[in-house]
1. Hey, does the range 520-527 have a residue that's of a type in the set (Gly, Ala, Ser) and either over 32 Å from the mean Cα position of the chain (by Cα) or under 18 Å from residue 577 (Cα atoms) (or both)?
2. Condition (residue is surrounded by 16 or more Cβ atoms within 10 Å (Cβ to Cβ) and in contact with a Pro (Cβ under 6 Å, 6 or more places away or on another chain)) applied to the range 330-353: is it met by at least one residue?
3. Looking at residue 47, is it over 28 Å from the mean Cα position of the chain (by Cα), part of a helix (DSSP H, G or I) and touching a residue at least 60 places away in the same chain (Cβ under 8 Å)?
4. Given (1) hydroxyl-bearing (Ser, Thr, Tyr); (2) surrounded by 22 or more Cβ atoms within 10 Å (Cβ to Cβ); (3) in a helix (DSSP H, G or I), identify the lone condition not met by residue 128.
5. Just one of 533, 537 is part of a loop (DSSP other than H, G, I, E, B), modelled with pLDDT of 80 or more and surrounded by 18 or more Cβ atoms within 10 Å (Cβ to Cβ); which is it?
6. Residue under question is residue 65, and the condition is that it be at pLDDT below 95 and of a type in the set (Val, Ile, Thr); does it hold?
7. Among the helices (runs of 4 or more DSSP H) contained in the range 299-395, which hold 3 or more residues that are in the same structural domain as residue 226 (by TED's automatic domain parsing) and among the aliphatic types (A, V, I, L, M)?
8. Residue 149 - would you say it is touching a Gly at 6+ places or on another chain (Cβ under 6 Å), closer than 18 Å to residue 240 by Cα, of a type outside the set (D, E, K, R) and not in a helix (DSSP H, G or I)?
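The values are calculated or read from the model by the stated rules, or taken from the named source; none is laboratory data. For clarity, every value in this text was computed on a predicted model and none was experimentally measured. No Cβ is skipped: glycine too gets one built from the backbone with ideal geometry, and neighbour counts run over all protein chains shown.
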Amino acid sequence: MSRFNVKKVAVLGAGVMGAQIAAHLVNCKVPVILFDLAAKEGPKNAIALKAIDNLKKLKPAPLGVAEDAELIEVANYDDDLKKLKGCDLIIEAIAERMDWKSDLYARIAPHVAKHAIVASNTSGLSITRLSEALPEALRPRFCGIHFFNPPRYMVLVELIATPTTRPEVLDQLEAFVTTALGKGVVRAKDTPNFIANRIGIAGMLTTMKEVEKYGLTFDVVDDLTGKRLGRASSGTFRTIDVVGLDTVGHVIRTLQDNLDEKMDSFYGSFGTPPVLQKLIESGHLGQKAKAGFYKKQGRDILRFDLEQGEYVPSGEKANEVYGRMLRKPAGERLRLLRDSEGPQGQFLWAILRNGFHYAAVHLKDIAETARDVDQAMRWGFGMKQGPFELWQEAGWLDVAKMVQEDIDAGKALSKQPLPEWVFKGPVAEAGGVHTEQGSWNPTTGQFEPRRQLPVYERQLFPELLRGEAGPRPDTAGKTLLETDAIRVWTLDDEVVIATLKTKMRAISPDAGEGLMEAINLAEADYKGLVVWPGDDPFSVGADLQAMLPGYVAGGAGLVDSMEKELQELMLRLRYANVPTVAAIRGMALGEAARWRCIARSAWPSWRATSAWSKSAWAWCRAPAAWPTSPAARPRTRRPAPARTCCPF
């Protein structure tokens, strides 16, 4: 595959998504032009300028450094289409209207460079239908690109080909999005709402249907369907509030408008829930409108009650019996929930069963392999495990039998049986869809390995799904030093790697001592040091709990001494005699946020993913490139972004 050099990107549409995509490009030092309509009054670029100004006010912040907003070039469709000639990638991100997008394509087509890729950022419109508005010469270079909101923080990007898209175009775009933007790419088939939103929105709708059936309140449901269930901490209804009820309503309408009972046997469950409809009609669109399923009133959080038609005090928690059930091993957990008599347990089993059922029935329609579904749900909806991973961990055939029994008994939301491949053939024999040979492709009837692209050769430790084979960082390489707090190791006898083992990678006194020793080892016998968290977030900073005994024993003076030691550690890392790289991922709080020794040329590869990048490793192995003067060494002002719960 020839290298696709992206020197400049054009983003068409300065709405919420377009402006934030432009912001993320700037974060990654990719030059960008943000287009929108010419303003009827005042400066012609007023719409784009206002959108850029709003970027500085949004939370979570779409810009790593607010001042970088000035790096976004503004343009309008009346005067500046000629600027498209200098762009290698054009991302269209206007409103979800097929007619508006088609009209815009007709306007830009004469100005697109002959080598440029054109991609539509849509959450569910048909990419093939959109391509029909383009000249035939452009169609091979057109595809769908679906960023999840907010683009800076969400890992998932879905790429969608049309029948006329050249395969190398998707390969080139995947390489750019992965390497330059630090994203996880999943290729989806051109079906309504693609993979993540198809599975996720169906899950939300069926969850709301089960909520109504079992009479549970929104706060209890969020307590049950958040971290306890291995999902985003915001649960179900707080997630909808963050995303926006109108946005969710639009994605639901996409399912309603493009599917029917013949195409999707769950279609009867896709009606807009009455509570969602009522809140939208009332203008209660969620967090952006300061009211949705929840509303903050002073210091109190209220929840909407459909029967009363008003907000009432929230804060009710789930029965801890089910919290204990959810901590059991997967197989035992599902059996306990299925056999439970209380409404909360029955609700949990119902939504998990519905998820397994829907994913299995539609896998062949929406994705190439089961890997794509599980990765999409991990990266797009904040799930710890995708539906197939959980199913496989709990015992493939045992769970399949329980689900099918519920289908036969009329307890499921669809009468459609599980596909035959679930019970017979390679999947049943292997005990699941993910194996050492690859993940199940129901179209070919084979387990298929991951896509082999040069970009992935740089990732020594890709994020693996349960059942997949591959190198794992906790056992890889040669251990140089290991304690309960840290492992210091090397892959090649040239670069030292330090991985904290403490809870949430907190920097405890023992971890600090280990890091000091790692620096000493690197300076004595190696070419560099990388502090890398493995599969976890980078670090929550100093371990304050570890300082408590010192405070009790020696008072504030001893704490001051411990803090001084931590500051000395930061200085040693910053001014070491060899390059030191902080491979930040997930979150970096407190003292961890001071670790500014980041290889700027390599950081996007690991900033938003768990993959260990060869670029950081190679950078450490080239000490000649490291400035000798501490003042000249590169620094970053950006704290690492954390994953949030917004899936769209």
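1. Looking for residues that are of a type in the set (Gly, Ala, Ser) and either over 32 Å from the mean Cα position of the chain (by Cα) or under 18 Å from residue 577 (Cα atoms) (or both), one finds at least one in the range 520-527, hence yes.
2. no
3. No.
4. Only one criterion is unmet by residue 128, namely (2).
5. Details: 537 fails: modelled with pLDDT of 80 or more.
Only one candidate passes the filter, namely 533.
6. The answer is yes for residue 65.
7. Correct list: 330-339, 343-366, 370-381.
8. The answer is no for residue 149.
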